[in-house]
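All of the numbers you see were taken from the coordinates with simple rules; none came from a lab. It should be emphasised that the depicted structure is a prediction, and the values quoted were computed from it without experimental measurement. Methodologically, a virtual Cβ is constructed for each residue, glycine included, from the backbone with ideal geometry; neighbour enumeration extends over all protein chains shown.
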Amino acid sequence: MKTRWRYALLVSAILIYGGMMMKGREWMRGGREEGRPSAFDEMDDTPVPNVQRKIGDSRCSMASCFDFTKCEADRLKVYVYPDAVRTEGEQTSSEAYTKIVQSIRESPFYTSNASEACLFVLSIDTTDRDKISENYVRDVSALISSLPSEIWNGGTNHVIFNLYHGTFPDYAAEHLGFDTGRAIVARASASAQNFRHGFDVSFPLFHKEHPIRDSIERAFTLRDRDPILVSFKGKRYVYGIGSETRDSLHHLHNPERTPMLTTCRHNNDWQAHQDERCERDNEEYDRWDYETLMVNSTFCLTPRGRRLGSFRFLESLRAGCIPIVLSDDWKLPFDEFIDWPAAAVRVPEKNVLLVNDIASSFSPSKILKMKQRGRLLYHRYFASVEKIAMATLELIWSRLNLNRFSPLSNQLLPFETTFKSSSPRPIVVVISTGDRLNSRLQRAIETIGKVQGVREIIILWPSTRGSPPIGADMGMNGVEITIVETENQSDLPLEEIGRLIEKKNELRGSAVLFYSDRSSESEKEISHLLSVFSQLPHTLVSNHGIEYSVNGASHSSTFANVALLHTAVVHSGYLSFLPLFLPSSLISSCPSASLSTLISSLSLSPPSIVVGHRLEQQWNLINLTDCLNLISKRYPLGIPLVANNVVFQ
């Protein structure tokens with residue numbers, strides 16, 4: 001009887017599939033063309049009703065529940081409530097929430113002054129609202145009522161983080177167990193049915209072991225073909241919510257191309273609910289390694305669990321495996337600004353038996369592009385708790401600042417589209433000067449004047465040099481000259497330079513050339529440096545590279561993971577990113593180390609070193625080593641630098 005039922009199910013699936021194909025093959029073409037995988041279309045194009053919520057205000061929007069007057073400053077400021085004094089044995093925050101709060105407190109956004117804050121974050125752990133969990137915090141309503149009322153203000157401008165909502169048996173999404181008021185809820189496993197679009201944030205689900213900061217993983221290979229087409233390894237739940245889709249996966253199982261490995265082992269009472277397949281499934285499940293399976297699969301199934309979200313979504317992206325999402329109402333993480341169809345496939349749960357056919361329809365070139373996009377998205381937004389928390393804050397900030405610079409867009413980098421600009425790129429030259437007046441500055445300007453495409457020159461003028469000239473063009477007719485006064489000759493105010501460029505639309509996307517009045521490079525050598533940059537605009541191009549390790553830094557003509565800014569070129573967009581990445585004090589005291597770390601981390605690319613003149617100041621290496629050691633303390637897994645053994649002649 002059961003065999004007959006299985007065959008009937010398969011025949012029904014084939015008939016449904018054939019009917020869809022007769023209706024039109026358009027939904028399958030996403031894998032063969034550059035358009036979106038059409039499995040998204042059924043989900044994304046359907047209007048979502050606004051279901052009444054049981055917590056907070058279901059009518060909340062940025063217009064009705066947010067105080068914009070608190071966010072009129074040029075930079076985002078976030079206040080985190082002080083930690084409550086706990087008695088011995090009293091419950092502490094979970095590991096996950098501790099990392100979220102720590103990353104915000106150590107970020108450039110943090111302020112200890114509530115009166116200057118735009119956003120507010122509780123020190124009360126709200127990440128786990130499952131009443132049977134050991135991390136469930138009781139009496140949250142009472143804890144909130146004890147907060148200063150003028151700061152809480154009904155939750156206005158507050159961000160509440162949540163990873164797990166509800167409890168057995170229904171895991172209801174609207175049950176956090178306390179009134180969130182007018183607060184924005186950054187929620188994992190967010191449901192489209194009760195999500196306040198444009199107000200709440202769809203948050204990723206991550207393990208408590210997720211690192212607070214990440215290093216760059218070098219040992220991964222992305223292929224357009226893998227030994228395994230589609231795979232899954234996980235619990236299938238023999239009863240309760242979330243079991244229906246997973247119970248169907250055995251119909252897709254082929255140990256060679258589509259292994260579907262499920263275990264019935266879940267909770268302490270699973271044996272009371274086990275079926276005839278459990279023993280065999282458990283044995284097969286134990287024979288496969290989870291990580292090995294993922295890295296050797298082209299697609300990784302990501303079905304819903306008890307809640308809509310799954311740890312497997314981020315795990316797939318990290319492994320370079322394209323997620324196939326089987327969770328109908330799930331709002332994917334940060335979908336407000338991430339173009340998920342470029343990196344993932346969504347299949348309605350009712351079409352689970354068509355997964356193998358859908359996966360087979362993708363071309364090798366499309367597969368490789370989706371893998372690359374997914375891996376870069378993971379590294380940019382999800383590889384650490386810090387990146388997840390910062391992306392959440394940046395997303396909210398971007399809603400408030402539609403006409404200002406925002407680091408979030410459909411591109412991984414907001415200036416990504418300008419990397420391949422066909423028009424000539426404007427050049428902004430930043431010239432560092434010594435502390436005494438001499439003829440070197442004029443010689444440097446004369447050299448720069450011979451370089452094609454220079455639109456503006458920014459001269460860094462130390463206070464020890466005396467009063468700067470006013471209105472002088474220094475022989476550069478038609479080229480604007482801006483003088484920025486600094487404390488001393490070693491200052492390189494990257495943040496201020498970035499702001500100056502960002503204010504001028506005609507200079508956005510420019511090549512920023514760092515030069516010194518002590519530099520000996522000729523016009524020809526500078527032009528060659530710029531030509532290398534035109535080929536590799538996502539990297540930091542320099543005439544001087546060093547090799548940094550835990551043992552210190554050393555000059556290298558063949559191997560470098562840090563570029564010096566003595567004679568170097570960088571895309572102007574990176575300068576705008578710096579304040580979002582490292583504290584201002586670190587940027588100002590360690591410009592070369594800060595910029596090298598930022599660009600390696602964002603682009604996953606090493607610096608591009610062009611053979612230049614050897615630097616003689618060995619004290620620079622001592623200072624740079626100290627800077628890199630300081631930055632490395634922020635990264636428990638290692639400073640995110642990528643080495644390059646390719647040197648351009």
Next on the checklist: For a quick check: with amide H placed at 1.01 Å from N, whose amide H comes under 5 Å from ILE458's, ignoring anything fewer than 5 positions away on the same chain?
Outcome noted: VAL429, VAL430, ILE431, THR482
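Once R0 is set to 56 Å, what does the formula 1/(1 + (r/R0)^6) return for the Cβ-Cβ distance between SER61 and VAL611, expressed as a FRET efficiency to the nearest 0.05?
Step by step, r from the Cβ atoms, then E = 0.50.
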Checklist entry - Taking the simple approach of a point 7 Å from Cα along Cα-to-Cβ for both GLU349 and HIS207, what is their distance in nm? => result 2.5 nm
Checklist entry - What length, rounded to one decimal in nm, is gained on full extension from SER141 through to ARG436, with 0.36 nm per residue of separation minus their alpha-carbon distance? => result 99.8 nm
Next on the checklist: Set the bar at 32 Å for Cα to Cα. Now go through LYS70/LYS131; LYS235/LYS387; LYS504/LYS633; LYS77/LYS503 and name every pair that lies beyond it.
Outcome noted: LYS70/LYS131; LYS504/LYS633
Item to check | Under Karplus coefficients 6.51, -1.76 and 1.60, residue-wise ³J(HN,Hα) of the range 100-110 in Hz, glycine/proline x | outcome: 4, 5, 4, 5, 6, 5, 8, 8, x, 7, 5
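Please work out how much length the chain gains when fully extended from GLU95 to LEU368, using 0.36 nm per residue of separation minus the C-alpha to C-alpha distance, in nm with one decimal.
94.7 nm
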Next on the checklist: If packing is taken as the average count of other Cβ atoms within 10 Å, what order do 174-180, 603-609 fall into, highest mean first?
Outcome noted: 603-609, 174-180
Next on the checklist: If packing is taken as the average number of other Cβ atoms within 10 Å across a peptide's residues, how do 285-297, 94-106 rank, most packed first?
Outcome noted: 94-106, 285-297
Checklist entry - How many nm separate the modelled label positions at GLU480 and THR69, each set 7 Å beyond the Cα in the direction of the Cβ? => result 3.5 nm
Checklist outcome for this item: Simple SL model, points at 7 angstrom along Cα→Cβ for ASP170 and GLU106; separation in nm is 4.2 nm
Checklist entry - Between LEU222 and ASN629, what length comes free when the chain is fully extended (0.36 nm per residue of separation minus the Cα-Cα distance, one decimal in nm)? => result 143.4 nm
Checklist entry - Nearest 0.05, what FRET efficiency do GLU134 and HIS250 give at R0 = 51 Å with Cβ-Cβ as r? => result 0.95
